Amino acid sequence: MSRVAVLGCGLFGACIALKLRERGYDVVVFERLPEPICGASFNSMGRLHLGFHYPRDNQTARQCIAGFSAFRDAFPEAIVEGFPNAYFIASENSKTTGERFLAFADDLGLSYRRLDPAAFVPRVVGVELGVETDEVVYDAAAIRKTVIQRMDRLGVDLRLGVDIVAAEHGSRQIVLVDAQGRRESFDATVNAAYANISRLARSLEPAGRPASVRVHRHPDRPGCASARRDHRHGRPLREHAAVRCG
Ligand SMILES: Cc1cc2nc3c(=O)[nH]c(=O)nc-3n(C[C@H](O)[C@H](O)[C@H](O)COP(=O)(O)OP(=O)(O)OC[C@H]3O[C@@H](n4cnc5c(N)ncnc54)[C@H](O)[C@@H]3O)c2cc1C
């Protein structure tokens, strides 16, 4: 069985680790904080996007809709409804207009209610359009609880309070080094460290470039995700992990 290390236990790292474990990989997750889901996944606004945030990018908006359904199915206990959520289009210096925004929302079939900005609390100024949406937020603490339970049940080895500081490429494996100087070998690593992703990427992938979530596989070992060509750079063997979590 291939041993895979996942660096970071935010939403991405956790979902990837669970999915890899379900597929039979021996998975170790390293998280430098004392608990999982404590980084950006905890400190974000927690809004589960339905697409409104991306009125100039239809494809991203559609991905949000699909992603929302997948997220709701994966973490139904973490969905917090009834959270007021409004979008406003500035009347000046905006890259879209109220008319274009509404056309975009209608085209995607998004449901919204128009607001009277003058009556909105808290007070908003300099806007030409306001809409209230049905977007919801997630409860990060509920997700943390679920992640811990699922990892425990599936046998994911979650190591908390372990800061990975470097990676070395051995002849057949990748050796991870933590802040205490401990070393451990893996067949593949997934860099899901978000804010810290570039620093880790430098040693995980010496000749590479920063990425969002990336699987690094030793060239002699079977992979854990299908290889896709990196079209922008024309190079093969960039493996992107699936982040849907079931
Ligand atoms: C201010 C703000 C608001 C946001 N609001 C929203 C929003 O409303 N809706 C939305 O969808 N997105 C939002 N985002 C984006 C969203 O938070 C991120 O896309 C998402 O949380 C990233 O998840 P992650 O698992 O990649 O990162 P994280 O949750 O940050 O997880 C990465 C983990 O890696 C760990 N780590 C880092 N380096 C190491 C290391 N060397 N060794 C071990 N562990 C390490 C960190 O401690 C952390 O726990 C927001 C982002 C910010 C900054």
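For Val165, the residues whose modelled amide H falls within less than 5 Å of its own, excluding neighbours fewer than 5 places apart on the same chain, are Val177, Asp178, Ala179.
Annotation for Thr97 and Arg159: the two label points, set 7 Å from Cα along the Cα-Cβ direction, are 5.8 nm apart. With neighbour counts taken as other beta-carbon atoms within 10 Å, the residues Thr97, Thr146 rank, fewest first, as Thr97, Thr146. Loop-resident trypsin sites (Lys or Arg not before Pro) (DSSP state other than H, G, I, E or B) in segment 101-181 with no more than 15 further Cβ atoms inside 10 Å of their Cβ: Arg123, Arg172.
Among Val121, Val190, a tally of other beta-carbon atoms within 10 Å of each Cβ gives an order, fewest to most, of Val121, Val190. With a simple spin-label model that places each label point 7 Å from the Cα along the Cα-to-Cβ direction, the separation between Ala66 and Asp134 comes to 2.1 nm. Once backbone amide H atoms are built at 1.01 Å from N, Leu115 has Gly130, Val131, Glu132 as its partners under 5 Å, excluding neighbours fewer than 5 places away on the same chain. Checking every one of the GluC sites (Glu not before Pro) in segment 33-125 against DSSP loop status and a limit of 14 other Cβ atoms within 10 Å picks out Glu81, Glu92.
Counted by Cβ distance under 12 Å from Asp178, the other residues give a net charge of +1, where Lys and Arg count +1 and Asp and Glu count -1.
What is the fewest-to-most order of Val147, Val127, Val156 by other Cβ atoms lying within 10 Å of their Cβ?
Val127, Val156, Val147
Just to confirm my numbers, what's the Cα centroid distance between segment 128-158 and segment 3-65 in Å? The distance from the Cα centre of segment 128-158 to that of segment 3-65 comes to 9 Å. Please report, to one decimal in angstroms, the Kirkwood hydrodynamic radius of segment 50-134 built from all distinct Cα-Cα pairs. About 13.9 Å, per the Kirkwood formula over Cα pairs. Sequentially through segment 163-174, phi angles give Karplus couplings (6.51, -1.76, 1.60; θ = phi - 60°) of 9, 7, 10, 7, 9, 10, 9, x, 5, 10, 9, 9 Hz, Gly and Pro residues having no value and appearing as x. For Glu77 and Ala119, a Förster radius of 35 Å and the Cβ-Cβ distance give a FRET efficiency of 0.50, rounded to the nearest 0.05. Sequentially through segment 14-29, phi angles give Karplus couplings (6.51, -1.76, 1.60; θ = phi - 60°) of 5, 5, 5, 4, 5, 5, 4, 5, 4, 8, x, 7, 8, 10, 10, 10 Hz, Gly and Pro residues having no value and appearing as x.
Return the loop-located trypsin sites (Lys or Arg not before Pro) in segment 1-91 (DSSP other than H, G, I, E, B) with at most 14 other Cβ atoms within 10 Å of their own Cβ; answer none if there are none.
Those satisfying the criteria are Arg23, Arg56.
How much net charge surrounds Lys145 when only the other residues with a Cβ under 14 Å from the Cβ of Lys145 are counted, with Lys and Arg +1 and Asp and Glu -1? Taking every Cβ under 14 Å from that of Lys145, the sum is -1. Couplings for segment 103-117, taken from phi via the Karplus curve 6.51 cos²θ - 1.76 cosθ + 1.60 with θ = phi - 60°, read 4, 4, 5, 5, 4, 7, x, 6, 9, 8, 10, 6, 10, 8, x Hz in order; Gly and Pro are left as x.
Read-outs: derived from the displayed coordinates by stated rules, not from any lab. If you're wondering where the values come from, they're calculated on a predicted model, not measured in any experiment. No Cβ is skipped: glycine too gets one built from the backbone with ideal geometry, and neighbour counts run over all protein chains shown.
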